[in-house]
Amino acid sequence: MTAPSEATPDLDDLTRRVPGQALMAECIRHQAARHPRGRIARVLGVHAVAPDARSWYVGALGERITARLLDALGPEYVVLHSVPVSESGTDIDHLVVGPIGVVAINTKHLRDARVWVAGDTVMVNGHREPFVRVARSERRRVVRTMAQRTLPVTPVTSIVAVVDPASVAIRSAPEDVLVLDARRLVRTLRRMPEVLGHDAVWALAGALSSGSTWIDHAAPEDEGVVPRFAAIEREARIARIVRLAWAGGGCAALAGGAVLAVAAIPGLMAMVTAVTGS
């Protein structure tokens, strides 16, 4: 997100937001309501993320994956993440500003899912999802906000980026929303026609990176979101390693030696912690 050397961009507060920030905050909120796992649960690798927090957790991980892909766009682009667009907490996952105009990206983390698209109909493993409708609504919000702030008329593209799917089958594309495998995202953006010059890109990015452009009274940033989410992620990673260890050769011990396993918790957890670097 660094501007070319001949320009000094005037970017604002939203550039400090991290991918998935709104989802991280929701994950933390739901996780806080869960009773801490006991020693037996930890040694058996019981899921560390509470059921109510799991969708927020998975979504945040997906937005981070999309953000890493967008890093490849290059210095002529500005990418904003988790852009808050209402006081109720609604956000736009990623907003790209560059020579191609403005792109609003909605990330869907659908690991190993089969996605089928026919016009406005999106099916995920046989279940209909409102992805196109939501993406279209986000595009309208961006267009409306730019008009209200008297920003230059600029093409706005809406994309649904599907992370880690088994497949994305497009029978017929929606009229004004792109649905694609996130792995094709950067290639797709690079093929779009350029419509803005350098100065126009950075002027527009400066306006769209201001929180006041989107809402009049944004909630203060919670600087503790990232480390608290990292702690949840670390605990989830350790729990997964423990489950894999049981699945790989501990089934018999699980059936007949759970008591001995509990006695060995301190040593086991120390070993897992050392492996994961936490």
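One table, with the values for the structure above:
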{"quantity": "Net charge of neighbours whose Cβ lies under 10 Å from the Cβ of V201, counting Lys and Arg as +1 and Asp and Glu as -1", "calculated": "-3"}
{"quantity": "The range 157-227, relative contact order in percent, only Cα pairs under 8 angstrom and at least six apart counted", "calculated": "24 percent"}
{"quantity": "Gyration tensor verdict on the range 175-232 (Cα atoms; rounded if a/c is under 1.5, prolate if a/b is larger than b/c, oblate otherwise)", "calculated": "oblate"}
{"quantity": "Karplus (6.51, -1.76, 1.60) ³J(HN,Hα), θ = phi - 60°, over the range 163-169, in Hz, Gly and Pro reported as x", "calculated": "9, 6, x, 6, 6, 10, 9"}
{"quantity": "Protein accessible area in the range 1-146, 1.4 Å probe - carbon and sulfur %", "calculated": "51 percent"}
{"quantity": "Within-15-Å neighbourhood charge of E175 [Cβ basis; K, R +1; D, E -1]", "calculated": "+3"}
{"quantity": "Nonlocal amide H pairs with T90, under 5 Å, H built at 1.01 Å", "calculated": "V85"}
{"quantity": "Per residue solvent-accessible surface (Å²) - the range 132-226, probe of 1.4 Å", "calculated": "56 Å²"}
{"quantity": "Net charge over other residues, Cβ less than 11 angstrom from the Cβ of L44 (K, R count +1; D, E count -1)", "calculated": "+4"}
{"quantity": "Heavy-atom accessible area order for I105, I65, I170, largest first, 1.4 Å probe", "calculated": "I170, I65, I105"}
{"quantity": "Integer Hz, Karplus 6.51/-1.76/1.60 couplings in order for the range 81-92, x for Gly and Pro", "calculated": "10, 6, 6, x, 10, 7, 6, 7, x, 4, 9, 9"}
{"quantity": "The range 70-112 shape via C-alpha gyration tensor axes, a/c threshold 1.5", "calculated": "oblate"}
{"quantity": "Cut-off under 5 Å, modelled amide H: who pairs with V162 long-range", "calculated": "K108, L180, D181, A182"}
{"quantity": "Derived scalar couplings ³J(HN,Hα) [the range 187-202; Karplus, 6.51 cos²θ - 1.76 cosθ + 1.60; whole Hz; x for Gly, Pro]", "calculated": "4, 5, 4, 5, 8, 6, x, 7, 10, 10, x, 4, 5, 5, 4, 6"}
{"quantity": "D71 accessible area, 1.4 Å probe, all protein chains in place, Å² to nearest 10", "calculated": "120 Å²"}
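The values are calculated or read from the model by the stated rules, or taken from the named source; none is laboratory data. Treat the numbers as computed from the prediction; the structure is a model and nothing was measured. Here Cβ is always computed from backbone atoms with ideal geometry, including for glycine, and neighbour counts include all displayed protein chains. Side chains included, ligands, DNA and RNA excluded: accessible areas come from the protein's heavy atoms. Shrake-Rupley method; radii C 1.70, N 1.55, O 1.52, S 1.80 Å.
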